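Written below as structure tokens is the structure these notes are about.
The values are calculated or read from the model by the stated rules, or taken from the named source; none is laboratory data. Just so it is clear, the structure is predicted and the values come from calculations on it, not from any experiment. Here Cβ is always computed from backbone atoms with ideal geometry, including for glycine, and neighbour counts include all displayed protein chains. For accessibility, only protein heavy atoms count, side chains too; no ligands or nucleic acids. Shrake-Rupley method; radii C 1.70, N 1.55, O 1.52, S 1.80 Å.
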Amino acid sequence: GAVVSQHPSRVICKSGTSVKIECRSLDFQATTMFWYRQFPKKSLMLMATSNEGSKATYEQGVEKDKFLINHASLTLSTLTVTSAHPEDSSFYICSARDRREYQETQYFGPGTRLLVL
Amino acid sequence: AQSVTQLDSQVPVFEEAPVELRCNYSSSVSVYLFWYVQYPNQGLQLLLKYLSGSTLVKGINGFEAEFNKSQTSFHLRKPSVHISDTAEYFCAVKPRNNDMRFGAGTRLTVKP
């Protein structure tokens, strides 16, 4: 149980285009999902917390107009990188918290490698 | 504010040797503690977690960790490592009513 998927696993796009990344909880409902960014050989940096049916909460320094987050259902959150630049190239990882677990364990997706040319 | 310190950025060991990956944290409130493993180009997989109760926690792949409240530590151990344990290991702290925070990671390299 507690499986989280991400799609796509890898994406290459041209500078200036937008890219959408999906995060799904496959066998549980997640009222809260998280989006992280990971640079090479670095830890995870929390970008935003996504709550189903409400606006995402962004961490300081993360541009909400550039990284659009939508959490339309209890099993799906999307991150859209708008007007992508080469410096947006990174590994993006989502996680989801099972609404039944009060202990708040987060289950992570396999990540999406984004390369902006 | 909370912080998580993984004292070793890299730990090389030989196959079948024991290993300990160290993690210390600071928090003014009670916390939940986690260890995750990340294989190359993959997401994080939960190894084990401490929520309450027994301070010795057993996880998957033969790993265990011990919560030491007085030393604010949650070190990860395995008595005998395999080549397949080569990966990045992250300690994470989740204070109540706050977001999970990760350590910088420890790269475990198991050599034949």
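Here is how the numbers come out for the structure above:
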| read-out | value |
| --- | --- |
| Residues (outside any loop (DSSP other than H, G, I, E, B) and within 14 Å of chain B (Cβ to nearest Cβ)) located in segment A:47-78 | A:MET47, A:ALA48, A:THR49, A:SER50, A:ASN51, A:THR57, A:TYR58 |
| Test for A:ARG24: is it open to solvent by 80 Å² or more (accessible area, probe 1.4 Å), in a loop (DSSP other than H, G, I, E, B) and under 27 Å from B:LEU47 (Cα atoms) | no |
| Residue within segment B:86-96 that is part of a strand (DSSP E or B) and more than 14 Å from chain A (Cβ to nearest Cβ) present | no |
| Tally, over segment A:45-61, of residues that are closer than 21 Å to B:ASN41 by Cα and open to solvent by 20 Å² or more (accessible area, probe 1.4 Å) | 1 |
| Number of positions in segment B:1-34 that are outside any loop (DSSP other than H, G, I, E, B), open to solvent by 40 Å² or more (accessible area, probe 1.4 Å) and touching a residue at least 60 places away in the same chain (Cβ under 8 Å) | 5 |
| Residue match in segment B:40-47 (condition: within 15 Å of the chain's Cα centre (by Cα), polar (S, T, N, Q), at pLDDT 90 or above and not in a loop (DSSP other than H, G, I, E, B)) | yes |
| Residue among B:THR86, B:THR109 that alone is surrounded by fewer than 22 Cβ atoms within 10 Å (Cβ to Cβ), touching a residue at least 60 places away in the same chain (Cβ under 8 Å) and more than 13 Å from the chain's Cα centre (by Cα) | B:THR109 |
| Selection from segment B:67-81 of residues that are within 20 Å of B:GLY105 (Cβ to Cβ) and either open to solvent by 50 Å² or more (accessible area, probe 1.4 Å) or β-branched (Val, Ile, Thr) (or both) | B:THR72, B:ARG77, B:VAL81 |
| Residue within segment B:14-21 that is of a type in the set (D, E, K, R), within 10 Å of the chain's Cα centre (by Cα) and more than 12 Å from every other protein chain (Cβ to nearest Cβ) present | yes |
| Selection status of B:GLY53, closer than 16 Å to B:ALA92 by Cα and either open to solvent by less than 80 Å² (accessible area, probe 1.4 Å) or in contact with a Cys (Cβ under 7 Å, 6 or more places away or on another chain) (or both) | no |
| Enumeration of residues in segment A:40-77 that are in contact with a Ser or Thr (Cβ under 6 Å, 6 or more places away or on another chain) and in contact (Cβ under 8 Å) with a residue 40 or more places away in the chain | A:THR75, A:SER77 |
| B:VAL37 touching a residue at least 12 places away in the same chain (Cβ under 8 Å), among the β-branched types (Val, Ile, Thr) and either open to solvent by less than 50 Å² (accessible area, probe 1.4 Å) or away from chain A (no Cβ under 11 Å) (or both) | yes |
